[in-house]
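The values are calculated or read from the model by the stated rules, or taken from the named source; none is laboratory data. Remember, predicted model here, so these are calculated numbers, not experimental data. Here the Cβ positions follow ideal geometry from the backbone for every residue, glycine too, while neighbour counts run over all protein chains shown.
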Amino acid sequence: MPKEKEEIFKKIGLDVSEDNINLDLTKTKDFFNTLQDKLEKKAETIEKSISEGTVDLSENIGIKVDDEHINIDLNKTKSFIEELGSKIEHFLSEIDHVADKLDKK
């Protein structure tokens, strides 16, 4: 397994070798708790912006909303969706790969 993937798995508490798969539940729980906290904070920020009538996601996503206008940059939005889709596909393929290894044992 490439070094980069090993580091990612170690961050979430998963150690995969040829003969063993070790799961550190504390690290996994900490990783998902941190992820949950970050997503909740981002959701709160977006919710606050929406309730105030101002949403500015134009830099990364290409969407800006204010009281009178909704501006959508289709090129930025398309790029964001393609990048997000690619990341999700990569993550799911890694999960499938680990699941396949578990099935073989």
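Kindly check whether there is at least one residue in the range 72-86 that is within 30 Å of K104 (Cβ to Cβ), under 19 Å from the mean Cα position of the chain (by Cα) and assigned by TED's automatic domain parsing to the domain that holds K101. Yes, the range 72-86 contains at least one residue that is within 30 Å of K104 (Cβ to Cβ), under 19 Å from the mean Cα position of the chain (by Cα) and assigned by TED's automatic domain parsing to the domain that holds K101. In the range 79-105, what residues are modelled with pLDDT under 85 and of a type in the set (K, R)? Answer for the range 79-105, where residues must be modelled with pLDDT under 85 and of a type in the set (K, R): K101, K104, K105.
If you take just the strands (runs of 3 or more DSSP E) that sit entirely in the range 1-81, which of them hold at least 1 residues that are basic (K, R)? Don't jump to the end; show me each part of the working.
Details: elements: 14-16, 21-23, 55-57, 63-65, 70-72.
The strands (runs of 3 or more DSSP E) meeting that bar are 63-65.
When D67 is tested against (1) modelled with pLDDT under 80; (2) in contact with a helix residue (DSSP H, G or I) (Cβ under 8 Å, 6 or more places away or on another chain), only condition (2) is not met. Pairs meeting the criteria (first residue in the range 9-24 and at pLDDT 80 or above, second residue surrounded by 15 or more Cβ atoms within 10 Å (Cβ to Cβ) and assigned to a strand (DSSP E or B), beta carbons under 7 Å, at least 6 apart or on different chains) are F9/V16; L23/L14. May I ask you to verify whether I95 is surrounded by 12 or more Cβ atoms within 10 Å (Cβ to Cβ), outside the structural domain of E4 (by TED's automatic domain parsing), of a type outside the set (S, T, N, Q) and within 17 Å of the chain's Cα centre (by Cα)? Taking the combined requirement at face value, the residue does not satisfy it.
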